[in-house]
1. May I ask you to verify whether residue 149 is within 22 Å of the chain's Cα centre (by Cα) and closer than 27 Å to residue 104 by Cα?
2. How about region 148-173: which of its residues are surrounded by 15 or more Cβ atoms within 10 Å (Cβ to Cβ) and in a loop (DSSP other than H, G, I, E, B)?
């Protein structure tokens, strides 16, 4: 028995389904489609779009679902879900940036950004298009920063250092957050005054109740 050749052939996508495995073609919009499997069960496996993007599909004939899109900016977008309900779950960028999404198709919201293999991680909350940064983790959680405010106006309000060895508190709008207090694990508290970058210690409270003014 001779199996069909899986080489790529030219055929219009807009025409009836191909009659051999591995065939493909270009439609009138410049879209190129490749097919896989055997005669009568040909399924779409790869589509080259006119804008240069390449879409990869999986599934039986008539149930092909989008699983991955590669674009010209070296980004790869991954999808999950049945045909017609594919939802975006992850984008991998060229510089090691990985963005994660949650939500149904068309409502996917960004929930996490990872940089440098997870060395830097940002967390987001909010509906699609309104995602606001709420937390940032550095060096596997050794430094954790918390933010408040709507998208684009997130301001840092607290930073936990080295698993809570000390915690810094901040006040001020985005970009002008100034440190106002540091609480240490042993109960000591430092208070600060001054604009961002020029904060100075003005008072220290010790667990014993003693207060030192600077």
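Read-outs: derived from the displayed coordinates by stated rules, not from any lab. These numbers come from a predicted model, not from an experiment. Neighbour counts are summed over all protein chains in view; Cβ atoms, including those assigned to glycine, are modelled from backbone coordinates with ideal geometry.
1. In short, yes.
2. 149, 154, 172, listed by residue number.
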